[in-house]
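No value in this document is a laboratory result; all are computed from the given coordinates. These numbers were taken from a predicted model, which means no experiment stands behind them. Neighbour counts are summed over all protein chains in view; Cβ atoms, including those assigned to glycine, are modelled from backbone coordinates with ideal geometry.
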Amino acid sequence: MDEYDGLTSFTTASSTLEEILNENTITLNQPLYVMGQSTLLYAASMYDEELALKIIKAKKRIPVNINAIDNHGYSALHYAADADMYQLVKTLLQCDDIDVMLKTEDLNVVGQIQSGGRTALHLAVIRGNLKLVKDLVEYEKKLVMVPDLDGNLPVHLGQLYSVNSDLIQYLLSIHNTKLYEESNLITLQKTQQLQANKRYQDSLKVPSNLYTPHTFPNVWTSAECNKILEQVLSKTSQTGWNTSRHTSYPTTDLPSYRLPFLDQWIQESLQIRLFPKIIDEFQLHPSTVLSFRDLFYVKYEAAGPHVQNDLALHCDGSILSFNILLNRKEEFEGGGTFFAPTKTTIHIQQGDALVHSGRVVHGAASVVSGKRLIIVAFLNVRPSPPL
């Protein structure tokens, strides 16, 4: 087993990472990832403060992205502030490259929208943690003037979440602003929740510039596709394929991070070869930042016991999605991606990418003979962060 293979499984990730960090002779020139996620972000999101501190301590010999964010815009600093991890916040603020201005995105939590646009200070205020609030403000006073997506400054969130008056008075001493009327707080909370719900529903709509799918030929050569397939099939011959990763519309798949070195090449090649074309073809702003929300291999094969030959109509949890055909089109019949609005099925050749909005209703057409092997990506589409 590869010495880092344990980083690709939830059950062994933390222990494997601990072993690597404890081995002082290990020096790398590339960051490590845990199930496709930055090691620091992984540790912070697991609320493992001790592990996160070890990762930062070792960053001179094992590089780490201090400001890595997840699909909801949360960084390690956000998680630390949200869980009262004081020592981790303090240590992160001592890192030269820390970005305290990173903001979260709207988050759907069991039908309720948790508003985005929040820095770590917003989260520390909601927690009512005056000690963390002071540390963050002393590092960057401008944080007190950053509104969230509802227009709330940190001090306003203090009112809405009924934190202690000392915290509110401290924030006012840094930036004196008008407070909300106490008698209007409950009404304001309801209004903001309705606005957040509408904002979330609007985000599910398909903008006109993203409505039409586009095919990009020869993103990878046949030789590259064959090398990818060789590694994927070798891995799945040992581990099998997953069939329960996606709850509502399960696919027979393998996460790309299960092959970490190949995953790195795949992400880098697509960022160079495909992402600029997507931005241009879909008329996105040139500064738009695309990143991987999910990346996985999928197998469809002719109907039979315990195999999957299609995927029902659905929408993805992403603004943009794409698939690349890995094997030759001649190796199967049927297949392709069916789009409900136009009632059309698009077929591509080996190495081609089919890019479309994940919000458009689509499905995988039935494979009637042979096997269809693809890699699927869900993308985050974000504006360029301010300088």
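Straight-line reach from K329: which aspartates and glutamates have a Cα under 15 Å away, not including same-chain ones fewer than 8 places off?
Straight-distance partners of K329: E301, D352.
Once you have the alpha carbon radius of gyration of segment 244-387, what is it after dividing by 2.2 N^0.38 Å, with N set to its residue count?
Details: Rg = 15.3 Å, N = 144, 2.2 N^0.38 = 14.5 Å.
Expressed relative to 2.2 N^0.38 Å, the Cα Rg reads 1.06.
Based on alpha-carbon positions alone, could you give the equivalent ellipsoid semi-axes of the chain from the gyration tensor, as √(5λ), descending, whole Å?
Numbers: eigenvalues 330, 145, 60 Å².
Taking √(5λ) for each Cα gyration eigenvalue gives 41, 27, 17 Å.
Evaluate the relative contact order of the chain (contact order divided by residue number), counting alpha-carbon pairs under 8 angstrom at least 6 apart; express in whole percent.
Values: 653 pairs, mean separation 49.3, N = 387.
Normalised by residue count, the contact order of the chain is 13 percent.
For segment 13-83, which GluC sites (Glu not before Pro) are both in a DSSP coil and crowded by at most 16 other Cβ atoms within 10 Å? Intermediate results must be reported in sequence, preceding the final value.
Values: sites: E18, E19, E23, E49, E50; in loops: E23.
Sites meeting the loop and neighbour criteria: E23.
Do any GluC sites (Glu not before Pro) in segment 304-387 lie in a loop, going by DSSP, with at most 13 other beta-carbon atoms within 10 Å of their beta carbon, and if so which? Let's see the in-between values first.
Numbers: sites: E330, E331, E333; in loops: none.
Hits after loop and neighbour filter: nothing returned.
Pop out the Kirkwood hydrodynamic radius of segment 5-203 from its pairwise C-alpha distances, inverse of mean 1/r, in Å to one decimal.
Details: mean 1/r = 0.0557 Å⁻¹.
Over segment 5-203, the inverse of the mean reciprocal pair distance is 18.0 Å.
Hey, what do the phi angles of segment 203-217 turn into as Karplus ³J(HN,Hα) couplings, whole Hz, using 6.51/-1.76/1.60 and θ = phi - 60°, x for Gly and Pro?
5, 7, 6, 9, x, 4, 6, 10, 6, 8, x, 10, 9, 10, x
Can you tell me which lysines have their Cα less than 24 Å from the Cα of K90? Leave out same-chain residues fewer than eight positions away.
Reachable lysines: K54, K57, K59, K60, K103, K131, K134, K141, K142.
Which of the trypsin sites (Lys or Arg not before Pro) found in segment 1-80 are loop residues per DSSP with 11 or fewer other Cβ atoms within 10 Å of their Cβ? Provide the component values of the computation, followed by the final result.
Values: sites: K54, K57, K59, K60, R61; in loops: K59, K60, R61.
Filter output for segment 1-80: K60.
Would you mind telling me which residue in P260, P341, P276 has the biggest mean-square fluctuation in a Gaussian network model of the chain, where springs connect alpha carbons within a distance under 10 angstrom?
P341
D for segment 271-322, whole µm²/s, Stokes-Einstein with Kirkwood Rh over alpha-carbon pairs at 20 °C and 1.002 mPa s: what number?
On the way: Rh = 13.9 Å.
Reported coefficient: 154 µm²/s.
Treat segment 106-199 as a sphere of radius equal to its Kirkwood radius over Cα pairs and apply Stokes-Einstein at 10 °C in a medium of 1.306 mPa s; give the translational diffusion coefficient in µm²/s, rounded to a whole number. Working shown, then result.
Numbers: Rh = 13.5 Å.
My calculation gives 118 µm²/s for D.
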